[in-house]
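The values are calculated or read from the model by the stated rules, or taken from the named source; none is laboratory data. Since we're looking at a predicted model, the values are computed, not measured. Cβ atoms come from the backbone with ideal geometry, glycine included; neighbour counts cover every protein chain shown. Quick note on the areas: whole protein, heavy atoms, side chains included, nothing else; ligands and nucleic acids left out. Shrake-Rupley method; radii C 1.70, N 1.55, O 1.52, S 1.80 Å.
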Amino acid sequence: MALDDHAGLEDIEVLKSAICEINQTHLSFRGYSIQDLAANASFEEVVYLLWNDALPSKQELKDFTTQLRAEYSLPREIVEHINHVPREAHPMAVLRTLISSLGLYDEEAANRSIPAQQKKAIRLMAKIPLIVAAIERHRDAKAHVEANPELSIAENFLYCLSAKVPDKTTARLIETALILYAEHELNASTFAARVTAATEADTYSCIVSALSTLQGSLHGGANQRSIEMLLSIASPESVIEYITPRLAKKEIIMGFGHRVYKNGDPRVPILRTLCEALAKSEHEKKLFTTATCLEEEMLKRKNLHPNVDFYSGLAFYLLGLSADIFTCVFAMARSAGYLAHIAEQWERNKLIRPRAIYSGKKNLTFAPIEKR
Ligand SMILES: CC(C)(COP(=O)(O)OP(=O)(O)OC[C@H]1O[C@@H](n2cnc3c(N)ncnc32)[C@H](O)[C@@H]1OP(=O)(O)O)[C@@H](O)C(=O)NCCC(=O)NCCS
């Protein structure tokens with residue numbers, strides 16, 4: 001097998017996992033299709049499913065929700081830390097830093113027992129949305145909002161962002177995006193989390209590895225980059241003028257293409273429909289039409305389909321979120337998947353340590369510095 005055929009580990013299966021199944025047209029979590037979950041489940045149910053390999057009963061969901069809501073608060077030091085970070089710092093850089101800090105205030109950070117790992121997973125799932133909301137409010141010079149334990153994760157995130165309890169429709173739209181983003185097999189950031197987990201590093205370190213990997217524009221950073229691109233295209237009529245020179249120069253059009261899905265990302269139709277319903281004003285409708293024109297042109301010219309980040313970027317924009325926090329919203333959802341994979345890695349752990357084929361110089365003799 002030629003190494004170049006698998007650059008970027010393309011098509012290489014490196015481990016067995018029972019969490020998420022992806023093929024060219026289908027995506028399911030623990031056996032349930034993403035369409036079914038997006039239409040019927042709450043985000044909390046999906047998190048439970050990912051972590052427990054079964055949907056919760058009524059009582060199990062109640063207990064799980066109670067445990068999550070009991071963790072709806074941030075250590076005072078973390079809130080102070082947020083209030084001191086530079087306002088212009090990118091929210092993903094702040095989130096990565098803050099998750100690292102959060103570990104310092106968790107007495108069980110280094111405790112590798114299963115009950116401690118489970119408590120840390122719950123803590124992280126509950127606190128990451130609070131951190132994201134607090135970062136955004138700090139950027140806008142607004143006071144920190146304490147979480148509301150009556151609300152779901154999606155509702156609470158919106159509440160902590162705006163200090164207003166969201167209406168059910170808006171909360172459900174965000175929740176749908178969280179469900180779609182919750183897990184995606186061995187994407188780059190989840191793989192990074194598993195590589196870190198395999199060294200027996202602590203949970204916080206695994207999540208920091210994952211977030212560091214997620215923020216790049218070829219991965220989670222694409223939702224921000226794709227809305228910025230869409231907003232820079234003045235109208236549907238400008239799509240051809242926008243992409244022609246860029247494709248000629250072999251530039252990447254953000255939000256298109258996928259390592260696994262070559263015939264379309266199954267999350268896209270759900271998000272496209274959601275965007276269409278959200279686009280109300282003339283500007284929003286024009287933006288949606290521009291997006292669909294771009295989709296048609298990219299398919300025609302490059303046979304490339306939009307991916308989840310293209311339409312989630314548009315959906316988050318239409319929901320009024322600032323583009324700079326789009327990747328953080330992806331992160332708070334995907335943390336469910338990271339934590340499922342970290343736990344699965346530890347069930348039968350083996351250090352992940354591949355080999356490289358050496359292609360450098362050989363047999364050189366060291367020369368003293370004055371002779372070089
Ligand atoms: C996601 C991505 C990294 C997958 O990359 P990959 O699996 O390595 O795919 P390749 O780079 O081999 O792509 C195959 C061809 O399509 C082109 N291509 C892929 N995505 C493209 C895009 N978004 N815009 C323009 N051309 C693209 C590549 O340049 C390559 O062309 P070539 O054969 O002429 O060299 C890539 O599609 C991309 O950069 N997309 C934009 C970023 C993005 O949206 N990321 C989020 C992913 S969910």
### Task
Name, by its number, the condition in (1) over 30 Å from ALA197 (Cβ atoms); (2) more than 16 Å from the ligand (Cβ to nearest atom) that does not hold for SER335.
(1)
### Query
Which of the residues that make up the range 235-281 are within 12 Å of the ligand (Cβ to nearest atom), basic (Lys, Arg) and touching a helix residue (DSSP H, G or I) at 6+ places or on another chain (Cβ under 7 Å)?
ARG267
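Do we find that GLU150 is under 23 Å from LEU173 (Cβ atoms), under 19 Å from the mean Cα position of the chain (by Cα) and either surrounded by fewer than 21 Cβ atoms within 10 Å (Cβ to Cβ) or among the aromatic types (Phe, Trp, Tyr) (or both) in this structure? Lay out the reasoning, then the answer.
Working: under 23 Å from LEU173 (Cβ atoms): yes; under 19 Å from the mean Cα position of the chain (by Cα): no; either surrounded by fewer than 21 Cβ atoms within 10 Å (Cβ to Cβ) or among the aromatic types (Phe, Trp, Tyr) (or both): yes.
So GLU150 does not fit the description; no.
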### Task
Consider only pairs whose beta carbons are under 9 Å apart and that are at least six residues apart or on different chains; among these, list those whose first residue lies in the range 250-270 and is aromatic (Phe, Trp, Tyr) and part of a loop (DSSP other than H, G, I, E, B) and whose second residue is at pLDDT 95 or above and near the ligand (Cβ under 9 Å from one of its atoms).
TYR261/ASN307
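Please work out if GLN59 is on the phi < 0 side of the Ramachandran plot and without any contact (Cβ under 8 Å) to a residue 24 or more places away in the chain.
yes
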### Query
Going by the conditions given, is LYS286 more than 10 Å from the ligand (Cβ to nearest atom), part of a helix (DSSP H, G or I) and not aliphatic (A, V, I, L, M)?
yes
#### Entry: First in the range 285-313 and under 16 Å from GLU241 (Cβ atoms), second anywhere and near the ligand (Cβ under 8 Å from one of its atoms) and aliphatic (A, V, I, L, M), Cβ under 7 Å, 6 or more apart
MET298/ILE253; MET298/LEU304; ARG301/LEU247
### Summary
The one condition ALA210 fails out of (1) touching a Ser or Thr at 6+ places or on another chain (Cβ under 7 Å); (2) at pLDDT below 95 is (2)
### Task
Check the range 177-194 and report whether any residue there is touching a Leu at 6+ places or on another chain (Cβ under 7 Å), aliphatic (A, V, I, L, M) and not assigned by TED's automatic domain parsing to the domain that holds SER42.
no
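Taking the residues in the range 161-194 that are within 16 Å of the ligand (Cβ to nearest atom) and polar (S, T, N, Q) as candidates, determine which candidate is surrounded by the most Cβ atoms within 10 Å (Cβ to Cβ).
Restricting attention to the range 161-194, the residues satisfying the condition of being within 16 Å of the ligand (Cβ to nearest atom) are 177, 180-192.
Then drop every residue that is not polar (S, T, N, Q), which leaves 187, 189-190.
Working: ASN187: 22, SER189: 27, THR190: 24.
In this case the residue turns out to be SER189.
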### Task
Pull up the range 195-234, narrow it to residues that are of a type in the set (D, E, K, R) and within 16 Å of the ligand (Cβ to nearest atom), then point me to the one that is nearest to GLN345 (Cα to Cα).
ARG225
### Task
Kindly indicate whether SER217 is outside any helix (DSSP H, G or I) and among the polar types (S, T, N, Q).
yes
### Per-region count, the range 24-52, residues open to solvent by 60 Å² or more (accessible area, probe 1.4 Å), part of a loop (DSSP other than H, G, I, E, B) and touching a residue at least 24 places away in the same chain (Cβ under 8 Å)
3
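If I ask for residues that are open to solvent by less than 50 Å² (accessible area, probe 1.4 Å), touching a helix residue (DSSP H, G or I) at 6+ places or on another chain (Cβ under 8 Å) and farther than 13 Å from LEU15 by Cβ, which ones from the range 347-366 would you list? Explain how you work it out, then say what you get.
Taking the range 347-366 first, the residues open to solvent by less than 50 Å² (accessible area, probe 1.4 Å) are 352, 360.
Then drop every residue that is not touching a helix residue (DSSP H, G or I) at 6+ places or on another chain (Cβ under 8 Å), which leaves 352.
Matches in the range 347-366: none.
Among the residues of the range 1-22 satisfying the criterion of being without any contact (Cβ under 8 Å) to a residue 24 or more places away in the chain and not in a helix (DSSP H, G or I), which is nearest to SER359 (Cα to Cα)?
Filtering the range 1-22 down to residues without any contact (Cβ under 8 Å) to a residue 24 or more places away in the chain leaves 1-2, 4-7, 9, 11-13, 16.
After this cut, where a residue has to be not in a helix (DSSP H, G or I) as well, the list is 1-2, 11-13, 16.
Working: MET1: 17, ALA2: 14, ASP11: 23, ILE12: 21, GLU13: 24, LYS16: 30 Å.
Only one residue fits best here, namely ALA2.
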### Message
Looking at the range 240-249, can you tell me whether even one residue there is at pLDDT below 95 and part of a loop (DSSP other than H, G, I, E, B)?
### Response
no
